[in-house]
1. Being modelled with pLDDT of 95 or more and of a type outside the set (Val, Ile, Thr) is true for just one of Ala274, Ala322, Ala226. Which residue is that?
2. Pairs under 7 Å by beta carbon, first residue within 25 Å of Arg167 (Cβ to Cβ) and open to solvent by 60 Å² or more (accessible area, probe 1.4 Å) in the stretch 72-90, partner in a helix (DSSP H, G or I) and away from ligand 1 (no atom under 11 Å from the Cβ), six or more apart or different chains?
3. Failed condition for Gln193, given (1) within 9 Å of ligand 2 (Cβ to nearest atom); (2) surrounded by fewer than 19 Cβ atoms within 10 Å (Cβ to Cβ), with all others met?
4. Is it true that some residue in the stretch 22-31 is open to solvent by 10 Å² or more (accessible area, probe 1.4 Å), of a type in the set (A, V, I, L, M) and over 24 Å from Asn92 (Cβ atoms)?
5. Of Leu94, Leu45, which residue is more than 9 Å from ligand 1 (Cβ to nearest atom) and either open to solvent by less than 20 Å² (accessible area, probe 1.4 Å) or more than 18 Å from the chain's Cα centre (by Cα) (or both)?
6. Inspect the stretch 223-238 for any residue being closer than 23 Å to Glu304 by Cα and either within 16 Å of ligand 1 (Cβ to nearest atom) or without any contact (Cβ under 8 Å) to a residue 60 or more places away in the chain (or both) and give the result as yes or no.
7. Just one of Thr109, Thr130, Thr157 is among the β-branched types (Val, Ile, Thr) and either in contact (Cβ under 8 Å) with a residue 40 or more places away in the chain or within 14 Å of ligand 1 (Cβ to nearest atom) (or both); which is it?
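The values are calculated or read from the model by the stated rules, or taken from the named source; none is laboratory data. Just so we're clear, the structure is a prediction, and the values are computed from it rather than from any experiment. Glycine also receives a Cβ, built like all others from the backbone with ideal geometry; neighbour counts cover every protein chain displayed. Just the protein is used for accessible areas: all its heavy atoms, side chains included, with ligands, DNA and RNA removed. Shrake-Rupley method; radii C 1.70, N 1.55, O 1.52, S 1.80 Å.
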Amino acid sequence: MRIVISGGAGFIGSHLADLSLARGHSVIVIDNLITGRRANIAHLLDRPDFRFIERDVIAEHPDVEGDLYFHLASPASPVGYARYPIETMLTNSLGTHRLLELARRDRATFLLASTSEAYGDPQVHPQPETYWGNVNPIGPRACYDESKRYGEALTITYVREFGLNARIVRIFNTYGPRNDPNDGRIVPNFITQALRGDPITVYGDGLQTRSFCYVADLVEGIWRAAMTPGLSGEVINLGNPLEYSAIELARLVKRLADSSSEIVHLPGREEEIARRRPDIAKARRLLGWTPEVGIETGLRSTIEAFRLELGIPASDRVVEPA
Ligand code: NAD
Ligand code: UDP
């Protein structure tokens, strides 16, 4: 199968490219590297079954053809979309339109990477796909949340109007190797700080929660959402339902990295999301998917990857499980 991955030089997209190639398919990555990194796909560049096109998804793509389109292009971290708010909105609206048109032309399958942010600051906990969300359309996260919601609406309209075979996954917080140490998200921040001995920065009281999915689990879920027949028009949550507060995560990372960093509290974010946890009953039922990597295992492998990337030697001490 010819697989096209927009945002394939990013954190999740590069793992999806690896998985697609490992399963015997050819891959074209379209990425303008606005938040992604060439290093994430450097190991693939010489393969004959892999092609990298450095380009904005908003552009025309006359040279691209595919049987399956994974649309992951979009800044994803709050720091990233605050820095590039217009680019984020255009990528998720015009860029999504461009790729939907390509998929329609090629009679291909299309998968949209949406987000748990579609639920905003949820009033229902955990969040099932049937919940419509609680989003401030003019708040600090609006450029991301609302453009992702528009992308969902556009995708479902292509299903209804043109019979496009499209699926939507709502991804919850995901972490792992190739997380950008500088993108400001909680896991890369805490690991980088712990490894460098810098203060671990908890925002606000640290009681806000997130649920953390290891990237290998997530890409398996994305793969099944694309490959399982009969799912056109479905919206499926993908994430790990185990929920941790920011302060709990800070303590865990500090212990697993064997770090002497102190944990400090900084002012809370404006319009902080208080709680987030996916209801994944639908993914279990339709995809037979459930996350398998526990938080300690996932964090250990991420810490090791960060040590290599940041050039920080491993400590000799063995960190025992709690
Ligand atoms: P990332 O920033 O590492 O990857 C996104 C990639 O898209 C980057 O390589 C970036 O350069 C590329 N990109 C952005 N705008 C583009 C454009 N206009 N044209 C071409 N390329 C463009 O982020 P990620 O964590 O890998 O996220 C991937 C997708 O998953 C995003 O759509 C994001 O919204 C979604 N998602 C991620 C998470 C998470 O926890 N990582 C959670 C929810 C949703
Ligand atoms: N957070 C934190 N310290 C950091 C980075 C993030 O306490 O250095 C908190 C942040 O306030 C939020 C959670 O971690 O409650 C997740 O933030 P992130 O930016 O990773 O993604 P979000 O889920 O908010 O989109």
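1. From the options Ala274, Ala322, Ala226, the qualifying one is Ala226.
2. Met89/Cys143
3. (2)
4. As a first pass, look at the stretch 22-31 and keep what is open to solvent by 10 Å² or more (accessible area, probe 1.4 Å): 22-26, 28, 31.
From what's left, of a type in the set (A, V, I, L, M): 22, 28.
Then keep just the ones that are over 24 Å from Asn92 (Cβ atoms); that gives 22.
Yes, the stretch 22-31 contains a residue that is open to solvent by 10 Å² or more (accessible area, probe 1.4 Å), of a type in the set (A, V, I, L, M) and over 24 Å from Asn92 (Cβ atoms).
5. Leu45
6. Within the stretch 223-238, none of the residues are closer than 23 Å to Glu304 by Cα and either within 16 Å of ligand 1 (Cβ to nearest atom) or without any contact (Cβ under 8 Å) to a residue 60 or more places away in the chain (or both).
7. Being among the β-branched types (Val, Ile, Thr) and either in contact (Cβ under 8 Å) with a residue 40 or more places away in the chain or within 14 Å of ligand 1 (Cβ to nearest atom) (or both) holds for just one of Thr109, Thr130, Thr157, which is Thr109.
Per-residue answers, yes or no, for (1) more than 16 Å from ligand 2 (Cβ to nearest atom); (2) over 19 Å from the mean Cα position of the chain (by Cα); (3) farther than 30 Å from Ala194 by Cβ:
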residue: Glu220; (1), (2), (3): yes, no, no
residue: Val235; (1), (2), (3): yes, no, yes
residue: Asn240; (1), (2), (3): no, no, no
residue: Leu249; (1), (2), (3): no, no, no
residue: Val264; (1), (2), (3): no, yes, no
residue: Arg269; (1), (2), (3): no, yes, no
residue: Arg275; (1), (2), (3): no, no, no
residue: Ala281; (1), (2), (3): yes, yes, yes
